[in-house]
1. Mind counting the residues in region 95-111 that are more than 20 Å from V288 (Cβ to Cβ) and not in a loop (DSSP other than H, G, I, E, B)?
2. Quick check on M346: is it in a loop (DSSP other than H, G, I, E, B) and either within 30 Å of N167 (Cα to Cα) or of a type in the set (D, E) (or both)?
3. Collect the residues in region 1-31 that are part of a loop (DSSP other than H, G, I, E, B), touching an Asp or Glu at 6+ places or on another chain (Cβ under 8 Å) and at pLDDT 95 or above, keeping them in residue-number order.
4. Please specify each residue of region 250-268 satisfying the condition of being open to solvent by less than 40 Å² (accessible area, probe 1.4 Å), under 15 Å from V357 (Cα atoms) and in a helix (DSSP H, G or I).
5. Within region 141-168, which residues are at positive phi and either open to solvent by less than 10 Å² (accessible area, probe 1.4 Å) or touching a Gly at 6+ places or on another chain (Cβ under 9 Å) (or both)?
6. Please count how many residues of region 67-104 are aromatic (F, W, Y) and open to solvent by 40 Å² or more (accessible area, probe 1.4 Å).
7. Out of the residues in region 218-235 that are among the aliphatic types (A, V, I, L, M) and under 21 Å from K207 (Cβ atoms), state the one that is most open to solvent (accessible area, probe 1.4 Å).
8. What about L34, is it closer than 22 Å to R230 by Cα and either at pLDDT below 95 or surrounded by 15 or more Cβ atoms within 10 Å (Cβ to Cβ) (or both)?
Amino acid sequence: MKVPFLDLGTAHQEVREEMEEALSRVLKSGWYILGKEVEAFEEEFAAYCGTKYCVGVANGLDALHLILRAYGLASGDEVIVPSNTYIATWLAVSHAGARPVPVEPDARTFNIDPARIEEAVSPRTKAIIPVHLYGQPADMDPILALAEKRGLRVIEDSAQAHGATYNGRRTGGLGHAAGFSFYPGKNLGALGDGGAVTTNDGELADKVRVLRNYGSRVKYYNEVRGFNSRLDEMQAALLRVKLRRLDDWNERRREIASIYIGEMSGSPELVLPVTPAWADPVWHLFVVRHFRRDHLQNRLAEQGIGTLIHYPVPPHLSEAYGDMWCDTGPLPIAEAMSSSVLSLPMGPHMGFDQARVVSAAVRRECEELAVDRRLSI
């Protein structure tokens, strides 16, 4: 049985008629930028996240960047970021003119380790960006406590965590503000790029609204040097349809994850994800670790099982941040993760039988790789 990494086609078939109605509604309106659909989605997504405000923007990177701009970060400022994350988290800081300061993750959860953050804080630190990586919330209470003590902003990178909860509260409403991505493969994905900022800070929301629209409230009257970063009407209309299914789709992901954990536990040399008691993840990705990751991936591919690597190059080792390596030095936990992580098939329309096929294949290959290793010693 072939198992694709992610099946978006089936997901869209489920809501095809509703999506076509939404698109038709937009086409008939004759209004395609910052109209009623965006306004309605902003209200609905804010309510979903438990925040007062939501501002639709062009993508997840812009969401984080505009938050930092709205808070007035500039050259010389520093922002604490995870060493283990997609590079967009770092890029948002750099585009705001500030400097990303990496902190290593908790090896069990992949997320930033709160115990390591305070030693990275300096007089120039202005904010912390915890990433809810792979759909599992970061440990927010100690991060928020430290931020309050040191007068720092906490900006959630919620690009992979639509609907995840921390102690019963949804991500997007835990910090001072949050940035979301609606890239097609996300739990709540558009049919193109899209993003949003959520917050309870009315002043911040107002500034982001101005910044996303060329720095203007009224057309042709520009208050600041803004950007063109607007969620368009068609994407907003489609997201409204899919938002109504999000909780059901997340629950299906949890069921798939439960099968994986139950059937792959005990596989030789395979490290499964750990979920703390305070976290209810939405499993945007199901990521395992194996010291012979490339061999495992190749063997699964031969059986028609799709996998991906999130992420093969930590930001500090990328060419984009080559000038920073002398400042950060080695980050051994992130580096070890990048060489061992493997994302298994996951999605809201994946069959339970497919999950069991993947589980059996992974377990079998891990056992064979373990035998190969013993024979080679």
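The values are calculated or read from the model by the stated rules, or taken from the named source; none is laboratory data. This one's a predicted model, so the numbers in the text were calculated from it and none came from an experiment. Cβ: placed from backbone, ideal geometry, glycine included. Neighbour counts: every protein chain shown. Just the protein is used for accessible areas: all its heavy atoms, side chains included, with ligands, DNA and RNA removed. Shrake-Rupley method; radii C 1.70, N 1.55, O 1.52, S 1.80 Å.
1. 6
2. yes
3. W31
4. Within region 250-268, I256, A257, I259, Y260, M264 meet the criteria.
5. Residue satisfying the conditions is G163 alone.
6. 2
7. V218
8. Judged against the criteria, L34 is a match.
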